[in-house]
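> The structure that follows is given in the form of structure tokens.
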């Protein structure tokens, strides 16, 4: 797993222009060399004034070609070898416009490009480092920054910076894998046309994407969390059937506080410990290398930055402990800070106040090379070691280790998790409490098996067996007479639609998991649209079954549309409600049923409802969270004496019906109104935006064409002398398009020639390659190339994103 610094870098790479758009590069100061001007005006599609004549290619030859020329009947003048086009030979323009932009600066935002498009490389796992190096060397040669005139060196250096960023990212396996995970095409069908988005969205793409990445990084960078839970007693307030007292007065209807919980957690990286840990790991590897051929074949161990987590919490009972004992030990617990842990519940009931303080250190280790073709191996470390030291309430040490076992072929790895806990002051415990978890990705989900040795008490004590004879007196409390013991348990289950399980994903099986609304909150942050989990457990004298099902409702996006959204797109997160139902039951007739709903309000905040029903209690909880700050307010609606079917029905229906009404009558119309307002521009404005967009992209392509010509022409002359591949002409546009909507990309195509061969991989957006521009956004275009190879002229045509390979 990548450390936060790497995630931040990945976020920046999702917006390629963010890596190089230092404003000074694109806007040289007043002291820069005087440059010919670009008359940047709004006009029709057929009249885009560009650069002065001396500093660019002929407008007739480069862009405004005739249909006769696109058919390659007569196009002798377009050969790059028969005209003087070097930027160094361009003379000054005496008719410059005072308000024109200098040639060395951009009057527009740089076009966002995929790093594979920058180097003209295929997005394939088989892409080798040698291919990347050759593409980088070719790009450096054709940009030829040192040979550009002073007025163009700033612009050329800017594109060279983008080329260098692409090379550094793709040449390193881990950075390339991380980039592939974070980058996705915004078009649904890669085999369709080489389409560009609407100009209005493209113009704002940089700012929108930059803002999106900032918000994502802000959400992911939350390393401090606060949980506050306050349980209120609403039984007396809702009990309207009570008889009045003798004096004719009814008791007060105030809400009493039953208990509270507060937890604070902070996680920090410790990069200073990384180097010593790597040295220690290498030392241990060197010792055992001679005894294990398998270890000897592995590469060196790589360590991520160690992380330290400090968690402190406090729990208190504000009512009589005896009254709250059964409430705390109920199968269902409302959302809020959890008090579950060995001996914690026992100590809380005994003292009515409990403080918890623990420190956890986590270290991730990797030694396999990343395998992009195997998704399950791309994000998980090979091993994880966690050490947890609990200081309060009872000192203990817990060690968890996770490791993946690989199998031959395409079979998914088996993830193994081991844990051992030892109480420091417990002299009666003969052995530490052990735990084992196995998990493996199977089909669309994850299968898991968890075993816990507990307190090594396989059978109830003699006192508990004797007390079972008094079941008629104690009633349902008899099976719970020893509730503070942790018997051995085993659980097996399957989680559909969830592959981020286990200690290597940050969700260990061998420690209490985040459940309830807090678990739903985490799933929404991860972008999951829904999942279900089924499991069964077995322990001494008892068996249990568990089912949890959740999905998005009232959403404007279908499941397939949500799954096709690119990474970083949070449209599905703010759409509709996340609903969940959970059921658990045991052979001792202990069961609970819970209904939950969570709604994202704004960018980070969420509000939710939860209803939990057991044979003894009924809870209605309200939940709010924002950037790691969570507040839960559960209301105890009814206990066993006052619990009824009617009360349970209305306590469930009314809150969720109100939340659904708010979604349908307020939140959704408000969202649609905002979307309608955003898209309510007139057709005239859209047409002007289209013209403006084409003009600016055309200007950018003209800048690049002048820059590329400096390095391309000598290479093409050398190819002609050798009898190699010479690009005579290349046209890019829609079939039967007007002459002014066809782009001459001869220089751009020739810049892709390397070693007498040309390859434009399939799947790349040709309009994003250096020197290309899109003459007709939203339409299917073709690229026709006339070339000479070994003295013989030929013509080839490719459509859309099809591959072009010459000769």
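The numbers here are math on the coordinates, done by the rules we state, and not lab data. If you're wondering where the values come from, they're calculated on a predicted model, not measured in any experiment. Here the Cβ positions follow ideal geometry from the backbone for every residue, glycine too, while neighbour counts run over all protein chains shown.
> Calculate, for residue 593 and residue 285, the FRET efficiency according to 1/(1 + (r/R0)^6) with r their C-beta to C-beta distance and R0 51 Å; round to the nearest 0.05.
0.50
> Round to a whole angstrom and tell me the spacing of the C-alpha centers of region 729-783 and region 530-548.
Each part reduced to its Cα centre gives a spacing of 59 Å.
> Calculate the spin-label point distance for residue 128 paired with residue 329, positioning each point 7 Å from the Cα along the beta-carbon direction, and give it in nanometres.
It works out to 6.9 nm between the two label points.
> Can you figure out the FRET efficiency of residue 657 with residue 351, using R₀ = 41 Å and their beta-carbon distance, to the nearest 0.05?
Here the calculated transfer efficiency is 0.45.
> Now for a separate question. Going by how many other Cβ atoms sit within 10 Å of their own, how do 752, 144 line up, fewest first?
Ascending number of Cβ neighbours within 10 Å: 144, 752.
> Multiply the residue separation of residue 622 and residue 359 by 0.36 nm, subtract the distance between their alpha-carbon atoms, and state the gained length in nm to one decimal.
Result for the pair: 91.7 nm of gain on full extension.
> So for the pair residue 797, residue 601, with labels modelled 7 Å out along Cα→Cβ, what separation do we get in nm?
6.0 nm
> Determine, for 260, 635, the number of other Cβ atoms within 10 Å of each Cβ, and report the residues in order from fewest to most.
Arranged by neighbour count, lowest to highest, 260, 635 become 260, 635.
> Of the peptides 584-596, 718-730, 696-708, how do they stack up when ordered by the mean number of other Cβ atoms within 10 Å, highest first?
696-708, 718-730, 584-596
> Sorted by average packing, counted as other Cβ atoms within 10 angstrom per residue and highest first, what order do 508-521, 310-323 take?
508-521, 310-323
> If I stretch the segment between residue 367 and residue 391 completely, what's the gain in nm (0.36 nm per residue apart, minus their alpha carbon distance), one decimal?
Net length gain for the segment: 5.3 nm.
> Multiply the residue separation of residue 534 and residue 268 by 0.36 nm, subtract the distance between their alpha-carbon atoms, and state the gained length in nm to one decimal.
Between residue 534 and residue 268, full extension yields 92.3 nm more.
> For 583, 772, what ranking results if the residue with the fewest other Cβ atoms within 10 Å of its Cβ goes first?
If I rank by nearby Cβ atoms, fewest first, I get 583, 772.
> Here's another thing I want to ask about it. Kirkwood Rh over alpha-carbon pairs of region 677-807, then Stokes-Einstein at 4 °C and 1.567 mPa s: what D in µm² s⁻¹, rounded to an integer?
This corresponds to a translational diffusion coefficient of 82 µm²/s.
> Then there's this: Sorted by average packing, counted as other Cβ atoms within 10 angstrom per residue and highest first, what order do 539-551, 158-170, 380-392 take?
Packing order, densest peptide first, comes out as 158-170, 380-392, 539-551.
> With r as the distance between the Cβ atoms of residue 146 and residue 224 and R0 = 41 Å, compute the FRET efficiency 1/(1 + (r/R0)^6) and round to 0.05.
0.25
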